[in-house]
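The values are calculated or read from the model by the stated rules, or taken from the named source; none is laboratory data. If you're wondering where the values come from, they're calculated on a predicted model, not measured in any experiment. Neighbour counts are summed over all protein chains in view; Cβ atoms, including those assigned to glycine, are modelled from backbone coordinates with ideal geometry. Surface accessibility is based on the protein's heavy atoms, side chains included, excluding ligands, DNA and RNA. Shrake-Rupley method; radii C 1.70, N 1.55, O 1.52, S 1.80 Å.
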There are 2 protein chains.
Amino acid sequence: MTERNARRGGRPGAPERADTDQVRRQNRSLVLSTVRRRAPIARVDLGTATRLSPATITAITADLISEGLISAVTVEHAPRAPEADGEPPAPSVRGRPRILLQLNAEVAYVLAVKVAFNKIVLVVADYEGTVIARREESPPTLRETRASFPRLLVALIHDFLAAEKVPLRRVAEIGIAAQGFVDQNTGSVVWSPAFSERDIELVRPVRRAFGIPCFITNDANMIAQALHWADPVVYGGTFAVIFVDYGVGLGLFVGDKLHAGADGSAAEIGHMNHIPGGPLCRCGRRGCLEAFVADYAIWREASAMSPDTDPADARPSAADLLALEAAAKAGDARIAGIYHDAGRALGYGIARLMALVNPGRIVFTGASTRAFPLIEAAMHEGIADALVEDLRRNTIFQTLPWDQDMIITGLIADALARLDSEVFAATDITRRTEIELPREERA
Amino acid sequence: MTERNARRGGRPGAPERADTDQVRRQNRSLVLSTVRRRAPIARVDLGTATRLSPATITAITADLISEGLISAVTVEHAPRAPEADGEPPAPSVRGRPRILLQLNAEVAYVLAVKVAFNKIVLVVADYEGTVIARREESPPTLRETRASFPRLLVALIHDFLAAEKVPLRRVAEIGIAAQGFVDQNTGSVVWSPAFSERDIELVRPVRRAFGIPCFITNDANMIAQALHWADPVVYGGTFAVIFVDYGVGLGLFVGDKLHAGADGSAAEIGHMNHIPGGPLCRCGRRGCLEAFVADYAIWREASAMSPDTDPADARPSAADLLALEAAAKAGDARIAGIYHDAGRALGYGIARLMALVNPGRIVFTGASTRAFPLIEAAMHEGIADALVEDLRRNTIFQTLPWDQDMIITGLIADALARLDSEVFAATDITRRTEIELPREERA
């Protein structure tokens, strides 16, 4: 009776239910993340930063101390709070001991795994978010299958933790970021340039092998997550991160939250069509934005290959790309024109994003920001041609130098946020692992 | 130090603060909207529907009764709850009196105003959401200016309320839905096919004239809002409403909330570019989706006008459009081809929406759903050509017969939801009006 009700005018539906338990969890999570961000921090500054009442701060921190998650340390001369949100730190009598709070770094670890073409990065961070171990592996991923890759990943995680002597029972969350399309409902990589097979299920095998909560996401999403967690004021509300590299990725925040869409496959700007019937894309369709802008697209064009050339046969090396960029900068009009056209295509793609999503800020990053000076003017030209001025007058554009660890940073922030939103005591981690660990690990 | 923090890995930022006041408001709002939807309703059924505890239901309903917002009525034979979410109503002894709750319909009214080309619709609904008065006006909107239209709108509202004998002091919220681009930050219509001038500020003048909270939004958004409020389970999470009519509109929900974007100008699918340099759009740009799909686009093409023809000079009448549709249905290959091409363009636009936003459901509505059989197959063809199968396998498509009152319904639901989220007593409405009303109204 949906349509009828809608047309009748009255009887609208129900907003979401909230309960005190949820509030408690949310405030607790806020206190934990604020201590993580600003430790060592005094209770009074924690109150200012979180805008929670002194009574709430006292109650929550007492719980967190008794659960073994945070510690109070006494210092003789209180250091100033590292960031004070514009507010001066509360006055304290010089020399009088001050009690500061910090997380117990070893309470729990999180494991972040980045899966890309021929490259797996594994990182362990402690409860404070500090990276304590890192490993890069270079397996030839295209040879992996639906059956073999989950086994390989489990083995890599197992070996990494063993070699780094990270006790498995202390790992509270595993986050995986994969290149390509991800389905969060099934916990799988639906399609990725890293693999020749589709629908590679990862979450369930990893969860089964280690008995640890596991989560999968798209790599570009995690860049947006890293920015948001680093500075939720600047990178908040509705904003977009465009990630130009081997392809074109997008991380999208809506209403201060990562926008994953109904299946977790949102924000696939690289596979949003630019020109119907255009050049061949890695996904098999024609005219996707990526097929005009990605490294292989530039290379295919520069090498005068047909636009029908399979992107797999148009793989430039890093040196090839640097040579192209140098030629364009040195005034080679044909090569400069290729970058110009790529910039215009990117501009049209961004204009489409702006028309649909209206982000307040658009951030550009990725290895190809190196070539950004070659495409930037054309990109803005494309945006202006594609979109009426009324819909683009307030958007802020920003370029960030690329650091590939941003994806890992986002994974860590994301895993710690999930951990913070569960209510657990330090002992729960051990208990959970004792119950769920596979036999060989418990020995 | 944003970028540096982000790259360091640790110290992520802070989630949103929640407090008990917010929970109380949220639960109160949930109870109000559930009573509105299902009245008359017993406390026990209200508990089942909201999943709030009996103690919370008792406390909230006692407050709402004492504030004059709801009433308890005693009935001899309790009617069954109109919808029971699959749960049987609580057993009650036949013949024993039962206490049911309902809203006090006259506590407050909301005013909904739809602004479109040559048409202003004004509707008053009571606190239960029932439409109690409606008026349509047909002013030649293109002649209105930035200065004159706010005055006209205020006068129309004034006359309507006076003629319908709706006491101004009982009107608690005014919602305006405008055709075109809206900026919620400035409360203005940035650009609209209804006006020849841009940036027509409406919220401030209306608020100033009546001393009543006022809100402006895009018309297509309100269709999505109407569907969500009618059935939040089916029309929840991330879903899209495509509204094909004089133009192509989009209402977008993300995470159970209307997605307005940073300035409230999101979801402008009609002005998302389809083909660079394509036919002229009403907004002045070339190749917008609307310039391929809207009524004027079909008419321009069918009349063999140049694609450079100003859309203002390609205005088909309703009869013109019906004749075109009849010709296409009767087998006129040229006309059928025009609809086919429009369908393909729409398909490409929808594929772009799917790539970026990944809605779980896409609903088609609007006057042009009449012509939907002429474009539907081509639209799905366009979607399939534009987007890799992995990104479109789970989306549900649905066509809804058009009822122009859906926009009004959404406005009413939206205004009542805003009212429910404020904590007010029946007497507050009167008090607020006494303070803020302009002098001539207080006499």
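Overview of results
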read-out: Subset tally (residues that are touching a helix residue (DSSP H, G or I) at 6+ places or on another chain (Cβ under 7 Å) and in a strand (DSSP E or B)) for region A:349-362; value: 1
read-out: Number of the condition not met by B:Lys165 [criteria: (1) open to solvent by 30 Å² or more (accessible area, probe 1.4 Å); (2) part of a loop (DSSP other than H, G, I, E, B); (3) touching a residue at least 40 places away in the same chain (Cβ under 8 Å)]; value: (3)
read-out: Single residue of region A:350-368 satisfying the filter (open to solvent by less than 10 Å² (accessible area, probe 1.4 Å), more than 8 Å from chain B (Cβ to nearest Cβ) and not aliphatic (A, V, I, L, M)) that is nearest to B:Pro276 (Cα to Cα); value: A:Phe364
read-out: Tally of residues being more than 15 Å from A:Leu356 (Cα to Cα), polar (S, T, N, Q), open to solvent by 10 Å² or more (accessible area, probe 1.4 Å) and in contact (Cβ under 8 Å) with a residue 60 or more places away in the chain across region A:213-264; value: 1
read-out: Matching residues, region B:117-133, being more than 14 Å from B:Met406 (Cα to Cα) and more than 9 Å from every other protein chain (Cβ to nearest Cβ); value: B:Phe117, B:Asn118, B:Lys119, B:Ile120, B:Val124, B:Tyr127, B:Ile132, B:Ala133
read-out: Qualifying residue in region B:204-212 (condition: open to solvent by less than 20 Å² (accessible area, probe 1.4 Å), closer than 13 Å to B:Ala177 by Cα and of a type in the set (A, V, I, L, M, F, W, C)); value: no
read-out: So A:Ser368, is it outside the structural domain of A:Gly129 (by TED's automatic domain parsing) and either of a type in the set (D, E, K, R) or over 17 Å from the mean Cα position of the chain (by Cα) (or both); value: yes
read-out: Which numbered condition A:Gly237 misses (of (1) modelled with pLDDT of 90 or more; (2) in contact with a Leu (Cβ under 9 Å, 6 or more places away or on another chain)); value: (2)
read-out: Test result for B:Ile275, among the aliphatic types (A, V, I, L, M), open to solvent by 10 Å² or more (accessible area, probe 1.4 Å), at pLDDT 95 or above and farther than 30 Å from B:Ala49 by Cβ; value: yes
read-out: Hits in region A:315-363 (condition: among the β-branched types (Val, Ile, Thr) and out of contact with any strand residue (DSSP E or B) (no Cβ under 9 Å at 6 or more places or on another chain)); value: A:Ile335, A:Ile338
read-out: In region A:378-401, residue nearest to the other protein chains (Cβ to nearest Cβ) [restricted to those that are of a type outside the set (D, E, K, R), assigned to a helix (DSSP H, G or I) and out of contact with any Gly (no Cβ under 7 Å at 6 or more places or on another chain)]; value: A:Leu391
read-out: Which numbered condition A:Val171 misses (of (1) open to solvent by less than 30 Å² (accessible area, probe 1.4 Å); (2) under 27 Å from A:Thr399 (Cα atoms)); value: (2)
read-out: Total residues in region B:197-256, condition of a type outside the set (Ser, Thr, Tyr) and within 24 Å of B:Ala342 (Cβ to Cβ); value: 19
